[in-house]
Amino acid sequence: MRTSTDRRRGYASGDARRERILHIATQEFAEHGYRGTSLARVAERAGLSQPGLLHHFRTKEQLLVAVLELRDQRDMERFFADEAAGGLDLLTALVRVVEHNSRTPELVRLFVVLTSEAVTADHPAQDWARARYERLRAWVADALRRAAGTGEVRPGLDADATAARIIALMDGLQTQWLLDPDAIDMPALFRAHIDELLASLRPRA
């Protein structure tokens, strides 16, 4: 008969195994994309049989979604816990995200590869990518509107268009940086853009 201690140890072991699977799957998706990634290869690298892997993730699509959601969850916990109220502090938090990304090329490659693949109609990450961009644009635009409401930025700002441009710059810099990291200083370029944007948005004395 299993005791409660045995069950807790089993849960901890299962959580650790799941974390290892997600870590390996992140590497595989980043290197090979969704279609080029094999569940058999993920299982082999994790030291599991394929049925053992399927115990945790029943399909490759489910594994992909778990990897993408984990990345977003960790970014939210790491950078945005103190920015829940929005405003211009959110833009400063985005700068910290880019600085962190420059130290995690594997995760950046994962994002770039999968969002590029997701433009095809039958890709399993398409709904995730579309919803993510809609959520990000709305989130940044809402922060800008709140900043306008408190007088932090000048009136008449097109918050939706500004949010779309900020996100486009982040993603475009990621692609250029991955292709030529010696030529593209991603954090410095993004920080300079945000500094210039903030200077242009603030009300003139």
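Are any residues in the stretch 113-161 polar (S, T, N, Q) and within 20 Å of the chain's Cα centre (by Cα), and if so, which ones? If the condition is that a residue be polar (S, T, N, Q) and within 20 Å of the chain's Cα centre (by Cα), then Thr115, Ser116, Thr120, Gln126 are the ones that fit.
Give the stretch 39-69 a look and list any residue that's small (Gly, Ala, Ser) and over 15 Å from Pro124 (Cα atoms), or say none.
Ala40, Ala43, Ala46, Gly47, Ser49, Gly52
Here Val98 passes the criteria (1) modelled with pLDDT of 90 or more; (2) of a type in the set (Val, Ile, Thr); (3) surrounded by fewer than 18 Cβ atoms within 10 Å (Cβ to Cβ) except the one numbered (3). Here Ala125 meets the list (1) surrounded by 15 or more Cβ atoms within 10 Å (Cβ to Cβ); (2) touching a Pro at 6+ places or on another chain (Cβ under 9 Å) almost entirely, failing just condition (2). Take the conditions (1) open to solvent by 30 Å² or more (accessible area, probe 1.4 Å); (2) closer than 19 Å to Leu189 by Cβ; Val112 misses just one of them, which is (1).
Scanning the stretch 173-194 for residues that are surrounded by 12 or more Cβ atoms within 10 Å (Cβ to Cβ) and not hydrophobic (A, V, I, L, M, F, W, C) yields Gln174, Thr175, Gln176, Pro181, Asp185, Pro187, Arg191, His193. Here's a check for you: in the stretch 84-95, which residue that is hydrophobic (A, V, I, L, M, F, W, C) and open to solvent by 10 Å² or more (accessible area, probe 1.4 Å) is nearest to the chain's Cα centre (by Cα)? Taking the candidates together, the pick is Leu94.
Results for (1) over 17 Å from the mean Cα position of the chain (by Cα); (2) modelled with pLDDT under 90; (3) closer than 27 Å to Glu152 by Cβ, shown as yes or no for each residue.
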residue: Gly10; (1), (2), (3): yes, yes, no
residue: Ile21; (1), (2), (3): yes, no, no
residue: His56; (1), (2), (3): yes, no, no
residue: Asp82; (1), (2), (3): yes, yes, yes
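Within the stretch 150-189, the residues that satisfy the criterion of being more than 22 Å from Arg132 (Cα to Cα) and among the aliphatic types (A, V, I, L, M) are Val153, Leu157, Leu179, Ala183, Ile184, Ala188, Leu189.
The values are calculated or read from the model by the stated rules, or taken from the named source; none is laboratory data. All values reported here derive from a predicted model rather than from experimental measurement. Here the Cβ is made from the backbone with ideal geometry for all residues, glycine too, and neighbour counts use every protein chain on show. These accessible areas exclude ligands, DNA and RNA; they are computed on the full protein's heavy atoms, side chains included. Shrake-Rupley method; radii C 1.70, N 1.55, O 1.52, S 1.80 Å.
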